[in-house]
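The values are calculated or read from the model by the stated rules, or taken from the named source; none is laboratory data. Predicted model, so just to flag it, every value in this text is computed and none were measured. Quick reminder, even Gly has a Cβ in these numbers, built from the backbone with ideal geometry, and neighbours come from all protein chains shown.
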Amino acid sequence: MPDWTYGLAALGWPDGVAWPRRNSAPARIATVHGSIAEACVVDPGRETGWVRHGGVRLGGSLAVTPVAGDWTVLSGDEVVEVLPRRTSLTRPSPSGRGVQTLAANVDTVVVTVPVDRGLNQRMVERLTVMAWDSGGRPVLALTKCDACADVPEAISAAESLVPGVEVVATSSVTGGGVERLRELMAPGTTATLLGASGAGKTSLLNVLGDRDERVAAVARDGEGRHTTTTRRLHPLTGGGVLIDLPGIRALDVSAGREAITDVFSEITELARRCRFADCSHEHEPGCAVRQAVASGRIPKRRLDAWDALHRQLAHEARKHDPVARAAEKAKWKAVSKEIRRRERG
Ligand SMILES: Nc1nc2c(ncn2[C@@H]2O[C@H](COP(=O)(O)OP(=O)(O)OP(=O)(O)O)[C@@H](O)[C@H]2O)c(=O)[nH]1
Ligand SMILES: [Zn+2]
């Protein structure tokens with residue numbers, strides 16, 4: 001049986017877990033273009049450093065289209081199976097229907113938010129909700145701390161927005177916080193940087209540096225020249241793997257009920273003391289959350305942010321759930337009927 005162990009480890013496969021397909025080579029997807037993909041292919045030999053970067057074809061009978069981070073099974077240079085995902089980072093599909101998976105099997109989602117021009121609270125909350133929703137663990141990296149007047153203040157503001165999430169103050173100029181991020185990207189870990197365009201992801205990636213270039217060294221074209229490929233999956237010499245994602249806008253975030261509960265844990269906690277179990281914290285009597293806002297214990301914007309995410313959740317549920325959509329339609333039908341009735345006097 002071929003020895004995949006070294007290559008699997010270099011690509012972030014969990015230690016001590018056997019590759020489930022004895023005789024078929026593993027490949028981890030870096031990026032997909034239609035029916036072909038760039039992948040890190042595990043080799044059983046030392047000649048290629050155990051891993052080679054190359055193009056693979058996507059078989060026609062795949063149940064799911066692989067995305068960056070997916071573990072796949074090869075037959076020759078064809079992907080014949082996509083292994084079940086441990087985690088998936090998703091957002092509402094740009095087409096307006098369903099969700100789009102951005103990356104699979106990410107353990108640590110490093111939410112990157114710059115603090116050089118103040119902290120965008122909404123961005124912090126929304127991206128962290130998205131990170132929790134993936135099934136991975138969020139870490140909040142405040143970027144560009146060298147250009148922030150009051151870093152301790154930024155850290156404590158951030159901590160109050162995402163209770164229970166580690167906040168790391170970073171700068172790609174001074175290298176601050178980079179060591180901690182490296183620790184979080186230890187062997188067997190797959191991480192990604194999730195943030196808006198301009199948040200400083202690429203700069204951070206560059207100082208995290210030590211990408212394992214041995215993987216690229218064997219990517220050659222027919223004449224033996226090195227080919228330049230748009231790489232999205234970076235094996236780090238420290239042992240972890242970093243998936244490079246394009247920038248994301250706050251609006252692109254998909255909300256999950258449990259993830260919102262995690263990010264807004266102080267509201268979740270207080271809601272247990274509301275008189276009604278399904279309190280919307282809008283108008284019900286005996287609402288402990290509104291009381292806390294009135295007394296200044298919770299900032300009003302925090303409840304507004306919670307509310308906005310729940311509205312989005314309901315909106316998405318209606319879009320994807322035919323029953324809810326039908327109910328919504330019926331409601332509007334009744335409304336327009338009522339309007340017509342009034343118009344007729
Ligand atoms: N002062 C300071 N500026 C930074 C730091 N990191 C990045 N920048 C600047 O912020 C800008 C955006 O940085 P990028 O690393 O390109 O941001 P990005 O998130 O990769 O952006 P996209 O590629 O558009 O997704 C650049 O002008 C960087 O020079 C930092 O730590 N300190
Ligand atoms: Zn309430």
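Of the residues examined, THR189 is one that is in contact (Cβ under 8 Å) with a residue 40 or more places away in the chain, of a type in the set (S, T, N, Q) and farther than 18 Å from PHE264 by Cα.
Residues of region 162-176 that are touching a Leu at 6+ places or on another chain (Cβ under 8 Å) and either modelled with pLDDT under 95 or crowded, with 19+ Cβ neighbours inside 10 Å (or both): VAL162, VAL165, VAL167, VAL168, ALA169, THR170, SER172.
Just for region 76-101: of the residues that are within 14 Å of GLY135 (Cβ to Cβ) and aliphatic (A, V, I, L, M), which one is surrounded by the fewest Cβ atoms within 10 Å (Cβ to Cβ)? Going through the qualifying residues, I end up with VAL99.
Only one of the numbered conditions (1) away from ligand 1 (no atom under 16 Å from the Cβ); (2) more than 27 Å from GLU316 (Cα to Cα); (3) of a type in the set (S, T, N, Q) is not met by THR87, and that is (2). The conditions of being under 25 Å from GLU179 (Cβ atoms) and among the charged types (D, E, K, R) are met by ASP107.
Per-residue answers, yes or no, for (1) in contact with a helix residue (DSSP H, G or I) (Cβ under 7 Å, 6 or more places away or on another chain); (2) of a type outside the set (S, T, N, Q); (3) modelled with pLDDT under 50; (4) under 30 Å from ALA317 (Cα atoms):
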position: VAL218; (1), (2), (3), (4): no, yes, yes, no
position: THR230; (1), (2), (3), (4): no, no, yes, no
position: PRO235; (1), (2), (3), (4): yes, yes, no, no
position: GLY238; (1), (2), (3), (4): yes, yes, no, no
position: ASP244; (1), (2), (3), (4): yes, yes, no, yes
position: ALA250; (1), (2), (3), (4): yes, yes, no, yes
position: SER254; (1), (2), (3), (4): yes, no, no, yes
position: ARG257; (1), (2), (3), (4): yes, yes, no, yes
position: LEU270; (1), (2), (3), (4): yes, yes, no, yes
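Looking only at residues in region 102-116 that are of a type outside the set (A, V, I, L, M) and touching a helix residue (DSSP H, G or I) at 6+ places or on another chain (Cβ under 8 Å), the one that is surrounded by the fewest Cβ atoms within 10 Å (Cβ to Cβ) is ASP116. So if I check each of TRP13, TRP4, which one is within 25 Å of the chain's Cα centre (by Cα) and of a type in the set (Phe, Trp, Tyr)? Answer to the check: TRP13. Of the residues making up region 44-75, those that are without any contact (Cβ under 8 Å) to a residue 60 or more places away in the chain, crowded, with 19+ Cβ neighbours inside 10 Å and part of a loop (DSSP other than H, G, I, E, B) are TRP50, PRO66, VAL67, ASP70. Filtering region 27-40 to residues that are surrounded by 24 or more Cβ atoms within 10 Å (Cβ to Cβ) and either out of contact with any Cys (no Cβ under 7 Å at 6 or more places or on another chain) or at pLDDT below 90 (or both) leaves ILE29, ALA39, CYS40. Once region 240-295 is narrowed to residues that are within 30 Å of GLY209 (Cα to Cα), of a type in the set (A, V, I, L, M, F, W, C) and surrounded by 15 or more Cβ atoms within 10 Å (Cβ to Cβ), the residue that is nearest to ligand 2 (Cβ to nearest atom) is VAL253.
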